[in-house]
Structures are given as C-alpha cells and as structure tokens.
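Here the structure comes first, spelled out in structure tokens, and everything after it is commentary.
The values are calculated or read from the model by the stated rules, or taken from the named source; none is laboratory data. The structure presented is a predicted model; accordingly, all values stated were derived computationally and were not measured. We place every Cβ from the backbone using ideal geometry, glycine too, and count neighbours over all the protein chains shown.
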Amino acid sequence: MKKLLFALLCSLCVATALAADVYESDPNHTFAWFEFDHLGYSIQRDRFDKVDATVSLNLQDQTGSVQARIDVNSISTGSHFFNRILLSDAFFDAGKYPLITFQSTHFTFGKLDNVTAVEGDLTIKGITRPVTLSVTHYKCMMHPEYHRMACGLNASANIRRSDFNLGKYVPLITNNITLYVSIEAIQH
C-alpha cells in the first residue's frame, strides 16, 4: 500500500511538472526597444539587439513565468556617438550594469486563454521596480520550421526613467518612456 501511494505521489509530481511548457526565446525574433520624446522635436526609438528569455506556460492552470535578460551593450540607436552616450555612466553605465532583467510575478489571461498582461520586477542599474507589461499580441501554435510548439507576443509598458537613475536632461528629454518587447519562443 505504501509503495502504491508513493508511486501515485511521484506520478502526480511528474504530471504537474510536465503541465508547464518551457520555451526558450529565439534570438533572431526577440528584442526590446524604447521610445521617448526628444526635446519635443521627434519621438526617438532605440533598441537592444540581444535579449534572451525563458518562458514557462501552463495554459490549463492559466499560470506562467518569464525571466528575461537584456544585454545593455547591444543598444542600437543608429549612431555610434549616441550609443556611446547611452552606454556611459551618465545613462545605462554598461560597464557596471551590463544587464537589464525582468522577472515576472503574475500572468493575466483573457477569455480565450490568451495572455493579456505580465506583471513583474524590472531591474535597471541595480534598481528594481514593479512593471506591468500590457500584451498587445499573443499567439501559440506549431512552428512550421522547428515542428515544435512556439509562442510569440508583443507587449509594452510605460516607465519613468528617473525611477532607474536614468533621469539626465529631464525635463528637456521626457522622463516618461515606453518600453516595448517582441518575443518568439520555441518549446524546449
């Protein structure tokens, strides 16, 4: 009887562990960018080219988690001059803080099992603040090339750069920025 209970308990643990699917981001289709008002003249868009994430989804229980890492040195403004300014200690201080991280704390699902928001902790320059990413696009399906399940989403959040010690030139350059994330992840 004890052996039977132990076997049932083990199979329940395995089934629970298997219920959550783990996905690894596709580096060719995963990146982050941000927009800000530059002196009122234009909306500037700069991006980070190296973003990786691990996503765990359990659609049956409507739970999930994501851990994302952004390589600050992969910033791409289209100008070597501005790249150097943003990487300097006046802004991202990439020598001291080479990574931006996001750790989810809660997923919100809609009526059709689609992810509608991801809450979590965003860390920039060693400063962690809660952020809610609003999901604007979400889809999971069999990937035609890899023949495995894949999920993708686009999401955005509004943050204040001064909250992360990035407030140089406020208010000339707006303090409020919009952070965007585009991710495609393949089932592991």
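Here are some notes:
- Scanning the stretch 129-184 for residues that are of a type in the set (A, V, I, L, M), within 15 Å of L57 (Cα to Cα) and in contact with a His (Cβ under 9 Å, 6 or more places away or on another chain) yields M149, A150, L153, I183.
- Inside the stretch 64-90, residues that are assigned to a loop (DSSP other than H, G, I, E, B) and β-branched (V, I, T) make up a count of 1.
- Selection of strands (runs of 3 or more DSSP E) fully inside the stretch 105-188 by the criterion of at least 3 residues being exposed (fewer than 15 other Cβ atoms within 10 Å of the Cβ) and at positive phi returns nothing.
- When the residues of the stretch 1-27 are filtered to those that are at pLDDT 90 or above and farther than 19 Å from L179 by Cα, the one that is surrounded by the most Cβ atoms within 10 Å (Cβ to Cβ) is Y23.
- Output for the stretch 94-118, where each listed residue is in contact with a Ser or Thr (Cβ under 9 Å, 6 or more places away or on another chain) and without any contact (Cβ under 8 Å) to a residue 12 or more places away in the chain: G95, T108, G110
- Hey, V72 without any contact (Cβ under 8 Å) to a residue 60 or more places away in the chain, surrounded by 15 or more Cβ atoms within 10 Å (Cβ to Cβ), touching a Pro at 6+ places or on another chain (Cβ under 7 Å) and closer than 19 Å to T128 by Cα or not: yes
- Residue pairs meeting the criteria (Cβ under 6 Å; at least 6 apart or on separate chains; first charged (D, E, K, R), in the stretch 168-188; second surrounded by fewer than 18 Cβ atoms within 10 Å (Cβ to Cβ)): K168/A90; E184/D26; E184/H29
- The residues on offer are D61, D93, and the sole one that is in a loop (DSSP other than H, G, I, E, B) and surrounded by 13 or more Cβ atoms within 10 Å (Cβ to Cβ) is D93.
- Neighbours by Cβ (under 7 Å, 6+ apart or cross-chain): first from the stretch 140-161, free of Cβ contacts under 8 Å to residues at least 24 places away in the same chain; second among the polar types (S, T, N, Q): N158/N176; N158/T178; R160/N175; R160/N176
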